[in-house]
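*Asks:* Next up is a structure, given as structure tokens.
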Amino acid sequence: DTGVSQNPRHKITKRGQNVTFRCDPISEHNRLYWYRQTLGQGPEFLTYFQNEAQLEKSRLLSDRFSAERPKGSFSTLEIQRTEQGDSAMYLCASSYNRGQSTDTQYFGPGTRLTVL
Amino acid sequence: AQTVTQSQPEMSVQEAETVTLSCTYDTSENNYYLFWYKQPPSRQMILVIRQEAYKQQNATENRFSVNFQKAAKSFSLKISDSQLGDTAMYFCASRPFEALNFGKGTSLLVTP
């Protein structure tokens, strides 16, 4: 399977705990995006990387959230001191960008987080 | 703020019929891109069709086509010869910059 993969697919945690999600993009894709999707809503942008550089962060990405893409390949999204409002589907997407905004973003299956 | 509005939360169509999903968007940018994504139940989101705003010709992909009205900021999706496998959430999205701005989605049910 050469698509975008995400692990774990489901995560249940207690409020106050830290969680980390992983995204493996399509091979050779230089851009990687994180979105959050709550029930009944469309995905909302969180942040994106060009190679290993984090180029943009949404105001939705509070101080409790941090994302990395250390070698320009896989990425991790960590949420510290989780709150019930963090319960959502976290989607990762990747694309190959040649310098213009014409690239297509390919999505992974998502990680569903439930905070009890 | 860039907003995308999908005014039809749910729609239903019979197999082999045609259905149109509505989408309006708001952007002050002149160059942007528009997308329709499909999210089947419990499956990942996939691209259905895309449109560059500078192109006047409406995009078409097999049974899927769009009606792009730039002045009205309208971007509707037409699905012809609907199939049971078209049952899914459909999201309209705009892309004036790098991130996609999604609408709330339209749940489409195709019935036999």
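*Asks:* In what sequence do A:Leu32, A:Leu39, A:Leu61 fall when counting other Cβ within 10 Å, fewest first?
*Replies:* A:Leu39, A:Leu61, A:Leu32
*Asks:* Can you tell me how the protein assembly as shown classifies by the Cα gyration tensor, rounded, prolate or oblate, using a/c under 1.5 as the rounded cut?
*Replies:* It is prolate, given that a/c is not under 1.5 and a/b is the larger ratio.
*Asks:* Give me A:Arg9, B:Arg50 sorted ascending by neighbouring Cβ count inside 10 Å, so fewest comes first.
*Replies:* Placing the least packed residue first, the sequence is A:Arg9, B:Arg50.
*Asks:* For the pair A:Arg9 and B:Glu52, what calculated FRET efficiency results from E = 1/(1 + (r/R0)^6), where r is the Cβ-Cβ distance and R0 = 35 Å, to the nearest 0.05?
*Replies:* 0.55
*Asks:* Enumerate the whole-percent occupancy of each 10 Å bin, from 0 to the last occupied one, for all C-alpha pair distances of the stretch B:46-112.
*Replies:* Calculated over all Cα pairs of the stretch B:46-112, the distribution is 18, 51, 27, 4, 0 percent.
*Asks:* What is chain B's relative contact order, in percent, from Cα pairs under 8 angstrom and six or more apart in sequence?
*Replies:* 38 percent
*Asks:* Can you check what the Kirkwood hydrodynamic radius comes to for chain B, Cα pairs only, in Å to one decimal?
*Replies:* 14.0 Å is the Kirkwood radius here.
*Asks:* Another question, if that's okay. For each of B:Asp81, A:Asp103, count neighbouring Cβ atoms within 10 Å of the residue's Cβ, then give the residues from fewest to most.
*Replies:* B:Asp81, A:Asp103
*Asks:* Next question, about the same structure. To the nearest 20 debye, what charge dipole does the stretch A:1-78 have about its Cα centre, counting +1 at the Cβ of each Lys and Arg and -1 at the Cβ of each Asp and Glu?
*Replies:* 380 debye
*Asks:* Hand me the tally of lysine pairs in the protein assembly as shown: alpha carbons under 16 angstrom apart, and the pair either on different chains or 8 or more positions apart.
*Replies:* Close lysine pairs under the 16 Å cut-off: 4.
Laboratory data are not the source of any read-out in this text; all were calculated from the coordinates shown. The structure presented is a predicted model; accordingly, all values stated were derived computationally and were not measured. Positions of Cβ are generated from backbone atoms using ideal geometry, with glycine treated the same way; all protein chains shown enter the neighbour counts.
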